[in-house]
1. Considering only DSSP beta bridges with both partners in the chain, what is the antiparallel share in %, to the nearest 5?
2. From the protein chains alone at 1.4 Å, what is the descending order of accessible area for W207, W108, W300, largest first?
3. With every protein chain in place, what's the accessible area of Y52 (1.4 Å probe, Å², nearest 10)?
4. Among rounded, prolate and oblate, which fits the stretch 20-63 when a ≥ b ≥ c are the square roots of the eigenvalues of its C-alpha gyration tensor, a/c under 1.5 means rounded, and a/b larger than b/c means prolate?
5. In degrees between 0 and 90, to the nearest 10, how far off the longest principal axis of the chain does helix 290-301 point, with axes built from Cα atoms?
6. Would you kindly find the accessible area of S241, with a 1.4 Å probe and non-protein molecules such as ligands, DNA and RNA excluded, rounding to the nearest 10 Å²?
7. Just to verify a number: FRET efficiency for A118 and I240, C-beta to C-beta distance, R0 = 25 Å, to 0.05?
8. Distance in nm between label sites at R102 and Q232, each 7 Å beyond Cα in the beta-carbon direction?
Amino acid sequence: MNRFLLASAITLALAHSALAQQVADTVFVPHAGTPAFAPGTGPHVVIDGGHYNFHTADGRYRPFAQLAARDGYRVSGSIGQLSDASLAGVDILVIANPLAQRNDKGKWNLPTPSAYSAAEIAAVRRFVERGGGFLMIADHMPFGGAIEAMGAAMGVSWINGFAYDAKDNSIFRLNRTSGFSPHPIFDGRNATERVDSIVAFTGSAFWLPDGGAPLLHIPAGSRVRMPSVAWQFNDSTASISATGMLQGAAVQVGRGRVVAAGEAAMFSAQRSGPRGEGTMGFNNPTAPQNAQFVLNVLHWLSGLLPPI
């Protein structure tokens with residue numbers, strides 16, 4: 001068994017255990033700059049929870065919701081379909097790891113249908129064109145496939161796979177020297193909000209066919225592996241070069257702003273393991289600036305930072 005397949009076999013066993021045990025770390029309070037808004041007066045952020053999402057406002061994205069609320073945003077979850085009516089009064093829509101019903105409850109094998117209907121995608125496009133902010137996040141397969149159609153409507157082409165670097169690592173440590181493209185999101189509103197490094201914890205890959213601003217570049221020499229069942233790799237597993245692909249981008253659509261991200265844990269804080277000893281997200285000791293990155297993304301989507 002070659003080095004990658006051996007590592008994959010170990011990862012498969014650990015992944016299923018970790019996925020079953022991943023819980024939100026609601027106790028950890030990250031360091032962040034001065035709140036952007038007085039409590040409860042900021043833009044209304046809605047986190048989608050109506051599409052079998054692996055991350056929801058009252059689940060694994062509760063730390064994201066808590067972080068945004070401490071910054072003054074008004075945060076709530078949504079459990080319905082997306083429409084012009086349901087998006088009325090929303091300033092920023094957040095979608096994190098949605099799934100179609102077919103892939104719910106760990107049935108992470110192909111095919112991967114869209115999590116959203118054509119009507120929902122059209123409604124979100126209108127919402128953004130009118131000036132709404134949209135943060136769309138999709139991890140490794142099958143999440144990339146579930147968001148593919150929504151991404152395409154925003155000018156983002158997702159790959160339904162797993163991104164690994166040349167050394168078979170899927171956790172990417174990105175910084176201003178290697179991985180970042182210059183953008184107001186990394187500079188923040190002032191020097192205390194400057195972000196110099198972040199960590200992404202195993203995700204997908206995408207590219208921008210019609211332009212936009214790259215944020216996070218996948219390391220040189222990486223490949224996207226595309227198994228027929230999530231976490232199951234073998235010698236026949238298809239893969240493509242990830243050269244030029246991204247795990248983060250900013251796009252302007254009409255009067256609105258979109259941020260696409262190919263990894264979900266970096267926007268939250270989770271614990272895993274029998275005793276909750278594993279950390280993943282902005283509670284991880286190696287990712288002290290992830291929380292500020294999350295806030296800077298929200299600030300850009302809110303119009304507090306300059307456009308692309």
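1. Counting DSSP beta bridges with both partners in the chain, the antiparallel share is about 65 percent.
2. Order by accessible area, largest first: W207, W108, W300.
3. That residue has around 100 Å² of solvent-accessible surface.
4. The shape class here is oblate.
5. 50
6. Approximately 50 Å² for this residue.
7. 0.40
8. 1.7
The values are calculated or read from the model by the stated rules, or taken from the named source; none is laboratory data. Treat the numbers as computed from the prediction; the structure is a model and nothing was measured. With ideal geometry, Cβ positions are generated from the backbone for all residues, glycine too; neighbour counts draw on all protein chains shown. Each accessible area value is taken on the protein alone, full model and side chains, heavy atoms only, with ligands, DNA and RNA left out. Shrake-Rupley method; radii C 1.70, N 1.55, O 1.52, S 1.80 Å.
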